[in-house]
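**Student:** Take a look at this one; I'll ask things after.
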Amino acid sequence: MTARRATISRKTNETDISVTLDLDGSGVFNADTGVGFFDHMLHQISRHGLIDLDVSATGDLHIDDHHTVEDVGICIGQALREALGDKRGITRYGHAYVPLDEALSRVVIDLSGRPGLFFEATFTRDKIGTFDVELVREFFQGLASAAAITLHMDALKGDNAHHVAETLFKAFGRALRLAVSADSRTGDATPSTKGSL
């Protein structure tokens, strides 16, 4: 496969974001979004997905974290879509179950070209530190829409909100790692009866 790397920049009245993503990396990570817990979660995607990820973001954090988190999701989704190119030779589908102590999450991905997020998670509190737990869904909504992928995410168990969130991000990284990997049995064929994704 050719290099699968992309850099996306996005500037609005609310945020200024730059994302560089390498699907064939080793999990090298650098991020400064101004939202500490969110940076910690992005690191999980990078490390467990073996994706090199660099994120620089400034946003209207004096209002709240919403615009920054959502727009980073959009930028990562755009970078993922660009890095995948025509998707020839990829596995296309990926899934992962990830536990963390009492928490367990399942993520299933189809790099389908059809955007959709199907998200089921219950959090036992509204915030993890200062981070609003509803932003977990907002991040993945932005990512799935911009990447044009079908994404099923289910938090199956968990009492600790931090653990639940972390298993979702880790499972996403692991599932994505599988979905973007080369399928040696199909060569450079497009994994679809339509002939394109």
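**Student:** Any idea how many residues of segment 91-114 are aliphatic (A, V, I, L, M) and either within 20 Å of S145 (Cα to Cα) or without any contact (Cβ under 8 Å) to a residue 12 or more places away in the chain (or both)?
**Tutor:** Matching residues across segment 91-114 total 4.
**Student:** Considering only residues that are closer than 27 Å to A189 by Cα and of a type in the set (A, V, I, L, M, F, W, C), which ones fall in segment 9-44?
**Tutor:** Across segment 9-44, the qualifying residues are L21, L23.
**Student:** In addition: Anything in segment 92-133 that is of a type in the set (F, W, Y) and either farther than 16 Å from F172 by Cα or at pLDDT below 95 (or both)? List them, or say none.
**Tutor:** Within segment 92-133, F123, F131 meet the criteria.
**Student:** Moving on to the next point. Which one is nearest to F38 (Cα to Cα), of the residues in segment 115-162 that are of a type in the set (D, E, K, R) and within 19 Å of the chain's Cα centre (by Cα)?
**Tutor:** D132
**Student:** Evaluate the following for T167: is it polar (S, T, N, Q) and either closer than 23 Å to H62 by Cβ or buried (at least 24 other Cβ atoms within 10 Å of the Cβ) (or both)?
**Tutor:** Spelling it out, T167 is indeed polar (S, T, N, Q) and either closer than 23 Å to H62 by Cβ or buried (at least 24 other Cβ atoms within 10 Å of the Cβ) (or both).
**Student:** Could you tell me which numbered condition R114 fails, if it satisfies all but one of (1) of a type in the set (K, R); (2) within 20 Å of D24 (Cα to Cα); (3) out of contact with any helix residue (DSSP H, G or I) (no Cβ under 8 Å at 6 or more places or on another chain)?
**Tutor:** Unmet condition: (2).
**Student:** Pick from segment 15-44 the residues that are among the charged types (D, E, K, R) and either buried (at least 21 other Cβ atoms within 10 Å of the Cβ) or over 11 Å from V69 (Cα atoms) (or both): which of them is nearest to the chain's Cα centre (by Cα)?
**Tutor:** Per the stated criteria, the residue is D22.
**Student:** From A165, A189, grab the single residue that is assigned to a loop (DSSP other than H, G, I, E, B) and among the small types (G, A, S).
**Tutor:** It is A189.
**Student:** Here are some residues: V107, V72. Which one is surrounded by 17 or more Cβ atoms within 10 Å (Cβ to Cβ) and touching a helix residue (DSSP H, G or I) at 6+ places or on another chain (Cβ under 6 Å)?
**Tutor:** V107
**Student:** Now, a different point. Give me the pairs, please: first residue somewhere in segment 27-38 and assigned to a helix (DSSP H, G or I), second residue anywhere and surrounded by fewer than 16 Cβ atoms within 10 Å (Cβ to Cβ), beta-carbon distance under 6 Å, and either six or more positions apart or on two chains.
**Tutor:** F37/G129
**Student:** For segment 175-186, indicate whether the set of residues that are closer than 25 Å to L100 by Cβ, part of a loop (DSSP other than H, G, I, E, B) and at pLDDT 95 or above is non-empty.
**Tutor:** Yes - at least one qualifying residue is present in segment 175-186.
**Student:** Please return the ranges of strands (runs of 3 or more DSSP E) entirely within segment 79-141 where 1 or more residues are within 25 Å of R185 (Cβ to Cβ) and among the hydrophobic types (A, V, I, L, M, F, W, C).
**Tutor:** Fully inside segment 79-141 and qualifying: 93-100, 103-110.
**Student:** Output the residues belonging to segment 49-62 that are surrounded by fewer than 18 Cβ atoms within 10 Å (Cβ to Cβ) and in contact (Cβ under 8 Å) with a residue 40 or more places away in the chain.
**Tutor:** Hits for segment 49-62 are T58, D60.
**Student:** Name the single residue, out of those in segment 115-131 being of a type in the set (F, W, Y) and out of contact with any strand residue (DSSP E or B) (no Cβ under 7 Å at 6 or more places or on another chain), that is farthest from H62 (Cα to Cα).
**Tutor:** Residue satisfying both the conditions and the ranking: F123.
**Student:** Considering every residue within segment 119-136, establish whether at least one is touching a Phe, Trp or Tyr at 6+ places or on another chain (Cβ under 7 Å) and farther than 29 Å from T12 by Cβ.
**Tutor:** Checked segment 119-136: no residue is touching a Phe, Trp or Tyr at 6+ places or on another chain (Cβ under 7 Å) and farther than 29 Å from T12 by Cβ.
The values are calculated or read from the model by the stated rules, or taken from the named source; none is laboratory data. Computed from a predicted model, the values in this text were never measured in an experiment. Neighbour counts are summed over all protein chains in view; Cβ atoms, including those assigned to glycine, are modelled from backbone coordinates with ideal geometry.
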